[in-house]
Amino acid sequence: MSLVTWNRIEPIIDAETVDAGLAAPLADPLWLLGRQWQIGELTAEDAGSPIGATIATTAYPLDRITIGTETHPLDAKLPLEAIVEPEPPTAPDLRMRLAAGRDLIAALASKPAAIAALAAFRPAAQTDRNAAALIRALGTRAVDAELVAVQIAQHGVAAFATTLGDPTVVAPLTAWNAGYQRRTGRAGPSAWNEQAATYQFSLRATVGTSDVILEANDYRGGTLDWCDFAATTAAATATQAPVKNSVSVLPTPLEFSGGPARRFFELERGGASYGALVGTAPDLGTAMLVEVTLVFGGDWFVAPVSLPVGALGRVDTIVVTDSFGETTTISNRLRSPNWRMFECGSDPAVADFLAIIPTVSAALEGPAIEVLALGRDETANAVWAIEDVICDPLGLPVLVDHAMAPATPHTTWTYEPLVAPPPGWYPLVRRDNTFVGAALRPAALSASPRGRLLANWPAVGFLMDHVPGEGLRIERRWQLAIAADGTRALWITRADRIGRGSANSGVLADQLRSP
């Protein structure tokens, strides 16, 4: 009986950095050859290098989306943000209506008769000076999209096309109306949860006899990613054929900035200096990063494979062909149980899937058109909803002036039952686990919010767990993205961020003012 063991021998150095090893100073060509011989670079190995790989994959389309209690087919051509982020239906402002009307004229550019008929849908006269000036500046291009949308909703696209005198404009009218409904939040139910200040929705795909459900219950706006979802399974509610594919590719060595070169005498690519990662002895994370990149970085190969967007993808098998013509099939070691990156859940039924979400890869984001800050005021035992930015009648952002009006001078001592908060500050008080809108007494101190984030005041509420001590900042802004088929998607998104800290309103009760 024999017992074979292996020991890994590693040098121990006293230096705190790896600069000397990374520099690899040379003496002369003969020394270089000797150095290559010492590290075994000239010794043949009884092993092959991968020269080909055949990768078999399976994809299960994410074909359903649930928002609230409604489930409907998922349009994978549109960015998912354009489907779930549009805010709840609200009355569009004049600027939005005129911009959509301009888009309608552009969609009917080749139909002059239909464009001429749109003159009947000019906006009504405006009392606001800026609004009236905008209508005058647009001239004949001033078309109120809301009036057009009302006609389409009442009579249908075909009947409205007849009203314009050109039945052939049904297709562009249909596309324009769909975009306008998304822009105004009317295309479907809103995923925005006002109390949690987050978006909540789920995606569904059928995998065999089960449905895999990707739930996003705490998406705070911005850009969706795999980490926003948690996967669960349920009984299948539909049948769906998977998309199977097999592709042969050429594996290439993994390369990254500062990574080890294939030969000792090669110069590594710049862009990263691992010698600058100076860590003390207990800094285990830094030591492991340097070891993985410099010692094992050359052991990895990259084999790209394409999977459809808007699906759950899985690699079934990998057949590797080496330089000796031998093949190795990898099927039960495709995923390490200790590697949790890109996982959407711990359920073994979904652990092997990669969620390929149809998200925005690049988008144009406008400035914040409304900003609402939530801050805790321990002195007043309340939470303040502070409107920092609101929209004017044209939908343009306007800063809110929080300056207090100067105090009225008086000649005698004056009793004030309550010192009012600054303009734009609205109180929220705790009721169970929710902060709800409240009114100040006397009623003369109460004012109504002007922004849309508090449009239902005082019937608004924010869950206590979602208003941290640092406060909360909720923003509204326009976002524009290009869909997979080239069409534009335009919507108003909401996003919440960490606030600016506690809020001191200066509210005081039972005050005596000196003359």
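The values are calculated or read from the model by the stated rules, or taken from the named source; none is laboratory data. None of these values were measured; they are calculated from a predicted model. Cβ sites come from the backbone with ideal geometry, for glycine too, and all protein chains shown count toward neighbours.
In summary, Pro422 fulfils each of the numbered conditions (1) in a loop (DSSP other than H, G, I, E, B); (2) surrounded by fewer than 16 Cβ atoms within 10 Å (Cβ to Cβ) with the single exception of condition (2). When residues in the range 221-257 are screened for being part of a loop (DSSP other than H, G, I, E, B) and either β-branched (Val, Ile, Thr) or within 31 Å of the chain's Cα centre (by Cα) (or both), 17 of them pass. Ala142 meets the stated requirement of being surrounded by 18 or more Cβ atoms within 10 Å (Cβ to Cβ), under 26 Å from Ile369 (Cα atoms) and either at pLDDT 90 or above or not charged (D, E, K, R) (or both).
Report whether or not Ala355 is small (Gly, Ala, Ser), touching a residue at least 40 places away in the same chain (Cβ under 8 Å) and not in a loop (DSSP other than H, G, I, E, B). Considered against the rule, which asks whether it is small (Gly, Ala, Ser), touching a residue at least 40 places away in the same chain (Cβ under 8 Å) and not in a loop (DSSP other than H, G, I, E, B), Ala355 comes out as yes. The criterion of being farther than 30 Å from Ala216 by Cβ, within 30 Å of the chain's Cα centre (by Cα), modelled with pLDDT of 90 or more and among the basic types (Lys, Arg) does not hold for Arg64. Determine whether the range 125-135 contains at least one residue that is part of a helix (DSSP H, G or I), within 23 Å of Arg488 (Cα to Cα), touching a helix residue (DSSP H, G or I) at 6+ places or on another chain (Cβ under 8 Å) and not assigned by TED's automatic domain parsing to the domain that holds Cys391. No. Looking only at residues that are among the basic types (Lys, Arg) and in a helix (DSSP H, G or I) in the range 96-124, which one is nearest to Leu394 (Cα to Cα)? Looking at residues that are among the basic types (Lys, Arg) and in a helix (DSSP H, G or I), I get Arg97. None of Glu215, Glu255, Glu266 is charged (D, E, K, R) and closer than 20 Å to Ile65 by Cβ except Glu215. Report whether or not Leu399 is buried (at least 16 other Cβ atoms within 10 Å of the Cβ) and assigned by TED's automatic domain parsing to the domain that holds Gly506. No, not satisfied.
Yes or no: the range 138-149 includes at least one residue that is in contact with a strand residue (DSSP E or B) (Cβ under 9 Å, 6 or more places away or on another chain) and assigned to a helix (DSSP H, G or I). No, there is no match, as no residue in the range 138-149 is in contact with a strand residue (DSSP E or B) (Cβ under 9 Å, 6 or more places away or on another chain) and assigned to a helix (DSSP H, G or I). When we screen Ala120, Ala53, Ala125 for residues that are in contact with a strand residue (DSSP E or B) (Cβ under 6 Å, 6 or more places away or on another chain) and either modelled with pLDDT under 85 or over 22 Å from Ile482 (Cβ atoms) (or both), the only hit is Ala53.
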